[in-house]
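Read the structure below first, then the notes.
The values are calculated or read from the model by the stated rules, or taken from the named source; none is laboratory data. Because the structure is a prediction, the values reported are computed rather than measured. Cβ: placed from backbone, ideal geometry, glycine included. Neighbour counts: every protein chain shown. For the accessible areas, the whole protein counts, side chains as well, though only heavy atoms, and no ligand, DNA or RNA atoms are used. Shrake-Rupley method; radii C 1.70, N 1.55, O 1.52, S 1.80 Å.
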Amino acid sequence: GATENDTAGETLAAIKALDEDGRLAALLKDSDEAQLKLSPLTALGRGDLRYADQFGDNISDRWLADMEKQARRELRQLDGIERGKLSPKQRIVYDVFRYNTENAVRYYEIGLARIAQKIPIDHQSGAQITFPQTSSGEDVAPYKTAKDYDDGLKRIDGFVLFLDRAQTQMRKGIASGHVLTRGIAEKIVVQLDDALKAGLDGSPFLKPLAAFPDAIPEAERLRLSAAYRKAVAEKVLPSFAKLRRFMADEYLPASRTGAPGLAGMPDGALQYAFALEQHTTTGMSADEIHALGIEEVARI
């Protein structure tokens, strides 16, 4: 009868939803896996040690191209999932993932990724500040086994390579006018001065040597201690010194001293508008948001 047909229809709809929900879940899992491979420090921060021996690229043209390809691939895969067949909760997941993925694609299309590539470090979240903390044994990177320590040594190699590549990109930024303000550049010089003044014995990279787990035998401790001291003395500190010279001699003279923030940078308005949309999830302009704020203050 009608009831049986209704039940059969509901069952068929549930099966279709389950199938479509499964496809979306698989896409999300694949997306997450791809992101972890491209950003191994993110995996490390989540306790996933599969890529713990990698600092990550984060800056080369190839890495940028891989990130864009991944975003475009995911958008195509999303197009193959019928939103209407998803269960109600998964439609919300679909909408959020599509919103983020479309924004990621646009970030590359309008050239913002290329601008960010030319400004790879700053005074707050730059690798010259965050990575020593990560490597201190007091942050997300574990130092429980000899492999953990060996992984840390390999990450140092990637970090030094990143700082070297960063200077190449920042020179491109100088040429195109995509540079930090003078005040921020000066703070980075001070940060590097502090790291160099701390020297070998004061380096955060050596802190894990003072807290070897009991499970690591004495012979391994001696090997790792020597390797870490050599890495900091011959790789980390010279790379900081090189970056410091670059910042003081080349970058500071080219840094911005005019209008503050993005207002004084080429493409600043484009960057600001994109950031505004990211933070508000609206298509409103800065002037419209300001006017709305004034209206709300008057209303309240």
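Here are some notes:
- Annotation: of all residues in segment 256-282 being assigned to a loop (DSSP other than H, G, I, E, B) and over 24 Å from the mean Cα position of the chain (by Cα), the one that is nearest to Val190 (Cα to Cα) is Thr257.
- Residue match in segment 187-196 (condition: surrounded by 11 or more Cβ atoms within 10 Å (Cβ to Cβ) and of a type in the set (Lys, Arg)): yes
- A count restricted to segment 241-255 and to residues that are within 24 Å of the chain's Cα centre (by Cα) and more than 16 Å from Ala166 (Cα to Cα) stands at 0.
- Qualifying residue in segment 201-220 (condition: touching a residue at least 12 places away in the same chain (Cβ under 8 Å) and closer than 30 Å to Ala259 by Cα): no
- Residues of segment 244-263 satisfying the condition of being open to solvent by 60 Å² or more (accessible area, probe 1.4 Å) and among the charged types (D, E, K, R): Arg244, Arg245, Asp249, Glu250
- For segment 234-269, the set of residues classified as farther than 14 Å from Leu180 by Cα and touching a Ser or Thr at 6+ places or on another chain (Cβ under 9 Å) consists of Val236, Leu237, listed by residue number.
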